[in-house]
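First comes the structure, then the notes that go with it.
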Amino acid sequence: MIQKQKGCNDIYGREAKIWKYVESIIDATMEKYNYNYIRTPLFEASELFHRGIGESTDIVTKETYDFVDRGGRNITLRPEGTAGVVRSYIENKMYGDANQPVKVYYNGTMYRYERPQSGRDRELTQFGMEILGSDDPMSDAEIISLAVNIYKMLGLKEIKVNINSLGDKESRDNYRKALIDYFKPHIKDLCEDCQTRLEKNPLRILDCKVDADSDILKNAPKTLEYLNEASRDRFEKVQDYLDILEIKYEINPNIVRGLDYYNHTVFEIEAKIDGFGSNNVLGGGGRYNGLVSQLDGPETPCIGFACGIGRLVKAMELEKVKLSIIENIDLFLMYVNEEEKKYAVYLAQELRMAGFIVDTEYLSRSLKAQFKQADRLGAKFTAVLNSDDLNNNEIKIKNNKTKEEEIISLDVLIYYLDEKLNTDAEEFDYSFSNEGVEEDECKCGHHHEEEHICNCGHNHNENKKHCCGGNCHHNE
Ligand code: HAM
């Protein structure tokens with residue numbers, strides 16, 4: 001039997017529904033913040049990520065999947081989204097667009113040749129967003145708050161935001177030098193990886209998981225001590241904006257981030273959930289003002305963030321977050337003979353195209369087995385198509401919860417279902433559990449005043465508890 005590759009996952013069933021739900025919330029939230037969706041290729045020229053020997057440091061020091069294609073080109077499967085976005089920004093001259101800054105988001109598969117372990121995959125999915133073309137500290141705060149608000153919208157509560165600043169080039173260079181001076185006498189006591197990191201990128205020693213608990217790392221110089229005045233002022237402004245946005249954060253001088261392109265603000269968002277394991281960083285990001293020019297574009301200040309969706313879904317499961325996912329179909333059509341089956345095939349299409357979630361029998365099982373199937377699918381209504389009824393242009397439809405049955409004209413079936421499913425929305429609302437949600441408390445954790453603009457774009461007073469579900473259920 002052929003099995004999936006190490007560090008890869010099959011996402012299916014309920015977990016796949018959660019993924020789709022997460023993605024719908026990401027799309028809806030990005031739309032509100034006016035970020036445009038961008039799709040860049042899964043593979044790029046290797047030099048986008050790795051510089052040649054003897055050149056400046058790699059853009060990402062991750063282990064990547066590299067290969068030579070049939071045309072002899074060096075290709076790398078993208079390990080992250082930022083470098084591809086920057087390549088696209090330069091190649092498509094987005095810096096010349098009238099709308100500035102350029103605000104984009106993505107959601108896609110990335111590949112890292114990691115030693116597989118829980119929370120560390122070789123094939124992973126990230127969503128991320130970038131602002132290209134603004135150096136204003138408000139954009140740093142916006143990216144951090146957008147990330148936090150997506151987690152909030154998804155119902156996650158146990159998260160912690162850690163922020164730090166690496167400062168501008170001058171501050172970063174001074175800090176780098178201080179780190180080399182500090183680590184040199186201790187280097188033999190650190191792991192092999194750290195020994196190679198010393199000259200290449202000493203900041204990454206601070207990220208080391210092997211030596212994380214060593215006093216040598218704990219007592220290392222801190223970035224904030226090396227910030228020049230301009231960088232310190234800038235970092236304070238970022239904090240001011242975060243305070244205005246009521247985003248809770250902690251300044252954590254140990255956050256330096258693994259990727260090499262950062263300066264000024266860097267941040268990570270951790271899951272603080274029992275049982276999550278050591279790879280508990282849900283997402284991270286920071287400012288990377290030098291990357292566009294390093295890739296031969298114009299000087300462009302940028303900031304961004306990315307989050308692994310696998311880790312995010314795990315956090316939601318561990319926190320037992322209530323989800324607004326559709327797990328019930330509207331109608332299950334049953335039949336016995338071929339004539340009824342043909343009508344079921346036709347009617348299922350009609351109703352699906354009219355917007356209902358409809359299923360029917362594919363295995364020609366007994367009626368008893370079809371009823372069981374309807375229950376497994378959580379059908380809100382069932383109908384056993386009967387040749388006599390159909391000849392009279394009628395259908396017998398049953399509310400699967402109250403067990404009430406009605407014979408109605410086929411001409412009014414769509415209106416009937418529409419009305420019943422909407423007016424009885426509360427009764428049929430199996431999909432959204434309000435357990436533990438206060439009457440006036442929205443899923444986002446805020447208390448809303450009377451009128452509230454729902455994610456669905458409508459203004460309504462009722463069902464406030466649904467307002468952040470993305471797939472809003474309401475009675476109007
Ligand atoms: P990163 O910290 O390398 O940043 O990755 C961001 C997130 O992707 C991590 O916090 C984690 O949730 C997820 N992730 C990374 N590696 C794995 C893995 N092997 N398995 C599962 N999940 C993983 C970046 O990628 C930057 N591009 C972020 C950024 C955007 N900076 C500026 N703009």
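The values are calculated or read from the model by the stated rules, or taken from the named source; none is laboratory data. Keep in mind that this is a model prediction, so the values were computed, not measured. Here the Cβ is made from the backbone with ideal geometry for all residues, glycine too, and neighbour counts use every protein chain on show. We work out accessible area using only protein heavy atoms, side chains counted, and drop any ligands, DNA or RNA first. Shrake-Rupley method; radii C 1.70, N 1.55, O 1.52, S 1.80 Å.
Quick notes on this one:
- Heavy-atom accessible area order for Y262, Y362, largest first, 1.4 Å probe: Y362, Y262
- DSSP-assigned coil residues among trypsin sites (Lys or Arg not before Pro) in segment 69-177, each with at most 13 further Cβ atoms within 10 Å: R70, R73, K93, K157
- Three semi-axes describe the equivalent ellipsoid of the chain; taken as square roots of 5 times the Cα gyration tensor eigenvalues and ordered largest first, they are 51, 25, 21 Å.
- Given in Å, the Rg to one decimal and the Dmax to the nearest whole number for the Cα atoms of segment 331-429 are 12.5, 37.
- Scattering curve values for segment 26-171, log₁₀ I(q)/I(0), Debye with Cα scatterers, q = 0.11, 0.18 Å⁻¹: -0.52, -1.33
- Mean-position separation - Cα centroids, segment 332-395 and segment 274-330, in angstrom: 42 Å
- Residues I11 and R115, FRET efficiency given R0 of 22 Å [Cβ-Cβ distance, rounded to 0.05]: 0.50
- Percent carbon-and-sulfur accessible area, the chain, ignoring ligands, DNA and RNA, probe 1.4 Å: 47 percent
- Estimated from helical segments only, the mean residue ellipticity of the chain at 222 nm is -9500 deg cm²/dmol, where each DSSP H run of four or more residues counts as -39500 (n - 2.57).
- Long-range Cα-Cα pairs in segment 288-388 (distance over 16 Å), rounded percent: 70 percent
- For the chain: accessible area per residue (Å², 1.4 Å): 52 Å²
- Per DSSP, loop trypsin sites (Lys or Arg not before Pro) in segment 278-379 with at most 13 further Cβ within 10 Å: K320, R365
- Paramagnetic reach from E63 (point 7 Å along Cα→Cβ, amide N under 13 Å) across segment 1-17: 6-7
- Extension gain, D274 back to M353 (0.36 nm per residue minus Cα-Cα distance, nm): 23.9 nm
- Solvent-accessible surface (1.4 Å probe) assigned to H50 amounts to roughly 40 Å².
- Virtual spin-label span in nm between K200 and R39, 7 Å along Cα→Cβ: 3.5 nm
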